[in-house]
Each structure stands twice: as C-alpha cells, then as structure tokens.
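Just so it is clear, none of the values below were taken in a lab; they were calculated from the coordinates. Small disclaimer: the values here were computed from a predicted structure and weren't measured. Using ideal geometry, Cβ is built from the backbone for each residue, glycine included, and neighbour counts are taken over all protein chains shown.
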C-alpha cells in the first residue's frame, strides 16, 4: 500500500489536521503522526487512508487515477479573455483618504479617455474570440463619463452574444441619464457601504448632506433594481474597527445578504495615510469575531447572511474547481483570463497592478490599447504564480486550498521572494483556513447550521469532518 504525502497542522484542541495535495483532509492524533513518520502504519490506518482517497495499491489503479484527477481539478486553468475592467476616467467627486487607486479631483483635466483611446478600446474588444463577455467600469467615478459607458455598452451588445456590465459607483452622480443606464437588465451596480452611516460619513462622505444623499440613492437602487443587481462592499479601517453587529444590521437593513469585508488596501493614497503592513493580527481577530456574529445572527433568522470571502474559502476546502474569485487561484496566472484598460489606455493584468504602477512602485503595465498588448512584462511574474513548488508552501496543510498574490507582495514589500509566512497574504489566509476547519469540526448546532448554509448543503453532514482515531 502506498500513501500519498500528507501534511499536518496542529489544532487548538491538540489534534492534528492532515491534508494531501488534492485537498483531502482528516483529523487524527499524534500517535497516528508518529506511526506515519516512522513508517509503522497499521492495517486500520491503511484501510482508513485507502477508503478516503489518501492511499493507492499501484500506479494507475482506480485510487491513484482518482487522486490525480482531484489534484488536477484543484489547479486553475486560465481560459480565454472574457472579463475586462475599463477605467474611462480617473476623476472622482469624492476624496476618500483610503483611496487605493490614487484618483484625481473631479475637475482635473487629462485623466479621461480621449476619442482615440475609446476607438482603440472598441477595436480591442472586437478582436476578442469569446462570445460571452463581462465588462466592469471602474474609476475614479465612471459615471462622470456616462457618454463613454453608453458607447461601450452599445458596441458590446451588438458584438457579443452574451454580455454583462458592472458599474462601480459611489452613487453620488445619479441623474435621469445615469438611472436609465444602471436600470438595464444586463447592468449591475457595485458600490461602497462602509460598515454603517457614521463610519461611512467619517471615511467617505464627510458631510451629513452627502451621507444622506448616498443612503437615499442606495435605498432607491435597492427598491428599483433589487438586491440581485446591487452589491455593496465595506472598507474597514483596522485602527478603528466597527462593531460587527452594527455592520450586519446596516447591510441587512437594505436587504443585502452577502457582506464582503475588506481591510483598507495597501495601495494608492492609502499607503500614506494607513500603515497596514502590521495589521494582519488585528484584522484576523476582528474577522473571526465577525464570523461568530454571523453564526449567532443566522441561528435565529429565516434569511441568513454570509461573509463572501470566508464562504469562498470554505467552498474551496470542500470542493475543487471553486475558482471564481481572482485573488485566490492556483496558479494565479496574470494577464490571461482578464485585463484592465486604464484611463490612459494602458493594459494591466489586474486592477491592483495598475495601482502599484500609479504609485511608482513598479511598472506592471502590459502595453497600451493604442499600440498593442505586450505580456512580456508579467511573464517573469507568472513563472512564480503557483504555490505547488514554493519552498514555503509545499509542507502547508492548506496549500491545495490557497493561492498566490504576487502583486500584493510587490506592493507591500517591493519583492516577490519574501518568506511566505512573513507576508500579509499568508498570515491572513492561514487564519481564514484555521477558522474554516474550526467550524467544519465544530459540534455546536449553531455553527453547523451556518456551515451547511454557506456550503450549499440542505443540512450539515458529519461526513465532511472526517476523523481517524
């Protein structure tokens, strides 16, 4: 009998979590670890391991082939380019201190697409081979150039069989023309709701008048468009953390059932005003408390709520192929499945890459829409865009569920070869997966209810929490 390599991590209760390269996992004690390490596994050990897909009798038998299939399904294979982020303007009518894109003031000239850039962008879109496309308008505040948004949408509707549009807006520039644009069936709204009204005013709107304007427009959007077409994301300052219950009440008060918690991003203007390099521990504690608050909330409600990214991590643990979130893929290949076209026509592999470039950290542009795509810039990064052979990751129990974020490492540390355990990305995700497994193995009915809901199960199934005694 042959056993696939197992990695282990000690849990708070003294037991050990074992996992293999394909993401299969189970809980056992130190006696099993000793037997495994000293090649003294018993017949019961082998029986358990074979039954649960951690062992095989010979190469190419059913158990071996099944393991290799599961391992391959854990890897992300970039498809064709079918997701484009467009930044028609970098101008904005707000001046948020934590702005990660280093926006410019509303009346500053020279930060919009000109006619030549627009035509080149449309020509580039026309060159795509996909029949299905997602277009996300970002900024700045993209509704400052509603004319450009209208022309792009009109072109894409005629060019592609299926197309979806997302407008990332602060909801402060909504006249009749803008409302008509976002009300279309194929168009969605993404905005920011920073925890609650007081936090939102402190961080974004500054004045009571603008705060009232925002919440009035958010209410109108929810009522007119519906919760399936409007999403809002809170940006959390780790130096001034809001009460989790107030955040939940704020979002559920607008009928929102998914909350994507985000700490202030260490990009753009935020680099100067928010020193986030040592914030992982504080953020992890807060995030854990927030998940616990959601579990309490879900126990008594008929309309449960999720924290989007935590649920994404949970589902990556429980099944392969869950690669919808671009920040947590392995390999996390840059510049293939989606691209960004900035206000000056420059191509970037990710939205974060344009932010890193804008602050002068490193130029991650990939050519310009007027002169052509030049992926050579990120080819060197893509050679390191996997954790499968990284010396700091190969022994980690969470490797199969985790990913790589080289752009974040470049932004924070100016290098991609930092020891992974010392990076913010690793510290946050070790905590996230610790919390995921804490909940998976919990005997608390309240916890099990939320795990089942978030995992998409009709009810909690103890079989997901395998234990070898």
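Which entry in (i) 129; (ii) 174; (iii) 157 is this structure's computed volume of the Cα convex hull per residue in Å³?
Matching the structure shown: (iii).
Give the angle, between 0 and 90 degrees and rounded to the nearest 10, that separates the Cα long axis of helix 62-74 from the longest principal axis of the Cα atoms of the chain.
Helix 62-74 sits at roughly 20 degrees to that axis.
For the range 192-339, what is the Kirkwood hydrodynamic radius in Å, using each pair of distinct C-alpha atoms?
Computed over Cα pairs of the range 192-339, the Kirkwood hydrodynamic radius comes out at 17.0 Å.
Report the label-to-label distance for residue 38 and residue 281 in nanometres (one decimal), using points 7 Å from each Cα along the Cα→Cβ vector.
Placing both labels 7 Å along Cα→Cβ, they lie 3.7 nm apart.
Please work out whether the range 1-57 counts as rounded, prolate or oblate from its C-alpha gyration tensor, where a ≥ b ≥ c are the square roots of the eigenvalues and a/c under 1.5 means rounded, while otherwise a/b larger than b/c means prolate and anything else oblate?
Cα axes put the range 1-57 in the oblate bin.
If you rank 431, 421 by fewest surrounding Cβ atoms within 10 Å, what's the result?
Exposure proxy ranking, most exposed first: 421, 431.
As a check on your grasp of the helix formula, calculate [θ] at 222 nm for the chain: sum -39500 (n - 2.57) over DSSP H runs of n ≥ 4, divide by the residue count, round to the nearest 500.
-11500 deg cm²/dmol
Dividing the convex hull volume of the alpha carbon atoms of the range 41-129 by its residue count, what do you get in Å³ per residue?
Roughly 195 Å³ of hull volume per residue.
Expressed as a rounded percentage, what relative contact order does the range 10-156 have, with Cα pairs under 8 Å and six or more residues apart?
Value for the range 10-156: 21 percent.
What number, in percent, do you get for the relative contact order of the range 120-255 if the mean sequence gap of Cα pairs under 8 Å and at least 6 apart is divided by its residue count?
Reported relative contact order: 22 percent.
Could you work out the relative contact order of the range 340-423, using alpha carbon pairs under 8 angstrom and six or more residues apart, expressed as a whole percent?
After rounding, I find 22 percent.
Taking only Cα atoms, what is the 0 to 90° angle, nearest 10, from helix 208-225's long axis to the longest principal axis of the chain?
70 degrees
May I ask you to sort 314, 439 by Cβ crowding, counting other Cβ atoms within 10 Å and putting the fewest first?
439, 314
Would you calculate the convex hull of the Cα atoms in the range 318-388 and tell me its volume per residue in Å³?
That works out to 99 Å³ per residue.
What Kirkwood radius, in Å to one decimal, follows from the Cα pairs of the range 317-469?
Mean inverse Cα-Cα distance, inverted, gives 17.6 Å.
Compute the angle between helix 280-300 and the longest alpha-carbon principal axis of the chain, please, reported from 0 to 90 degrees and rounded to the nearest 10.
Helix 280-300 sits roughly 90 degrees off the main axis of the chain.
Quick check on the range 74-215: take the gyration tensor over C-alpha atoms, sort the square-rooted eigenvalues as a ≥ b ≥ c, and tell me if it's rounded (a/c under 1.5), prolate or oblate.
prolate
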